Amino acid sequence: MDLIYKEDSDLPTRKSHDNPQIKEIYSNFFKHPLSHLSHKLLHTHYKPKPIEYSSWVDMSEESAIKDNLAKRFPEKRKDLLVEMLISEVDRSGFVSDCGIVTLAKYANVQPIEVASIASGYMYIPRTKVGENQVFLCHCLNCQLHGLSKARKHLEKLLNCKIGKISQDGKFSLHKANWLGWCVNNSPAVMIKSRGTDYVVPILNVDKIQNPEDLLSKELFPKDNLVYIPYTRFGEQNPSFLKPIDLQKAIDNAFSLGPEKVIKELADAGLQGRGGAGFKTALKWKSARNEKADQKYVVCNIDEGLPCTFKDWTLLMNDENRKKMIAGMAICANTIGAKHAFLYLRFEYRNLKPILEESIEEIKKMRPEFADIKFEIRLGAGPYVGRDKFCIVVMDLSWRRICAI
């Protein structure tokens, strides 16, 4: 057994690894392909033994999973593991042990790595769920607008409690921290049905009288946003709500050149809104000056902070959506990046097609934009770390999310 000792290798408690009986425990334990409890139980870093996949999977189920993966992910890229897991949830409703092992074999990683990644997400269930998962939003906004009443109504309507499956297996009821589109018309529900690659938003759920009404094909809430004009420092509707000539703005950025674009950002005082107030000009300048073979632009539209609604508001507006993508393209040109990621919230996955349309429109506005590769990646529900950007990067690079 090839054990790997790292920062804690010299601690007295680790000397037990020299004990033949402990080594035998390791040797036997790691024959199990889903030994994801090993780190907690044995307190060390390790390299698992090779797994005999054929002895562990249902061959018919494995074939169906592999066919789905081959169709969606022919390149077998490790960095798409989260997307692969979401795809399996779309197909079967949850990720079985067979799914973990098959996916691991397909992506050429260990099952423990796949199971570990899946464990960080609320929208990647590892046990059977109803044919239609019903997620009831529990954000503060919904709590203030009748959540308790809506929950009792749904439990009676579906004849099951939160976390349970209805007797006919058609529905299961789940708690969601917040759904994002409940900015108005709360309380809200999200439906995720087996065999679909979209979600269904339901508003004013307390008015639903028939379970079948939850299976609407309406992909976007109607009349969901109310814009309230406001004035800041004497300026009406500043920032993204202010109309601009986008083509002119893009051409102006290119006429200025990277150095002057960064100076414009500095003069404008643009900064991040995540809490630290980090200056955008300093971030772009540091990225531009960094010597690297590959640089990336990452736009975090996962909207993990409950009851902010900003990303939903921006993404639902065609003009604002294009401004965001144009900003990414200008940033890529300024820092020398050729690859841009949009990290999209799972609950907003219905927006992916119109985001792709907006990307294509923006790429046609400047010949330089045509060389930028845009990728939209879905999150799957967590907000467990102190630094949200670390979560995004871990997601994009197939590492397990963990609290920081």
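The values are calculated or read from the model by the stated rules, or taken from the named source; none is laboratory data. The shown structure was predicted, so the numbers you read here are calculated from the model rather than taken from an experiment. Cβ placement follows ideal geometry from the backbone for every residue including glycine, while neighbour counts extend to all protein chains displayed.
Tally up the residues in segment 63-111 that are more than 17 Å from the chain's Cα centre (by Cα), in a helix (DSSP H, G or I) and under 23 Å from I191 (Cβ atoms), please.
Total satisfying the criteria: 5.
Could you please let me know if G195 is touching a helix residue (DSSP H, G or I) at 6+ places or on another chain (Cβ under 6 Å), in contact (Cβ under 8 Å) with a residue 60 or more places away in the chain and either of a type outside the set (K, R) or part of a strand (DSSP E or B) (or both)?
no
Scan segment 116-129 residue by residue and report those that are farther than 25 Å from L173 by Cβ and surrounded by 23 or more Cβ atoms within 10 Å (Cβ to Cβ).
I117
Would you point out the residue of segment 198-218, among those that are surrounded by 14 or more Cβ atoms within 10 Å (Cβ to Cβ) and within 23 Å of the chain's Cα centre (by Cα), that is modelled with the lowest pLDDT?
Applying the filter and picking the extreme gives L203.
Quick one: would you say S96 is out of contact with any helix residue (DSSP H, G or I) (no Cβ under 9 Å at 6 or more places or on another chain), under 26 Å from G169 (Cα atoms), at pLDDT below 95 and hydroxyl-bearing (S, T, Y)?
no
How many residues are crowded, with 17+ Cβ neighbours inside 10 Å and part of a strand (DSSP E or B) if we restrict to segment 160-175?
Of the residues in segment 160-175, 5 are crowded, with 17+ Cβ neighbours inside 10 Å and part of a strand (DSSP E or B).
Please work out which residue is farthest from I362 (Cα to Cα), limiting yourself to segment 242-262 and to residues that are in a helix (DSSP H, G or I) and of a type in the set (V, I, T).
I262
Condition first: closer than 30 Å to F220 by Cβ and either touching a Ser or Thr at 6+ places or on another chain (Cβ under 8 Å) or buried (at least 19 other Cβ atoms within 10 Å of the Cβ) (or both). Now tell me which residues in segment 281-297 satisfy that.
Within segment 281-297, V297 is the sole residue that qualifies.
Would you mind stating whether V114 is in contact (Cβ under 8 Å) with a residue 24 or more places away in the chain and part of a helix (DSSP H, G or I)?
yes
Starting from residues that are under 20 Å from S87 (Cα atoms) and of a type in the set (S, T, Y), keep the ones in segment 174-196 and report whichever is modelled with the highest pLDDT.
S193
Among the residues of segment 269-286, write down those that are small (G, A, S), closer than 19 Å to A332 by Cβ and over 24 Å from the mean Cα position of the chain (by Cα).
Within segment 269-286, A281, S286 meet the criteria.
At pLDDT 95 or above, within 17 Å of E61 (Cβ to Cβ) and buried (at least 19 other Cβ atoms within 10 Å of the Cβ), is that true of V89?
Yes; evaluated as a whole, the condition is true for this residue.
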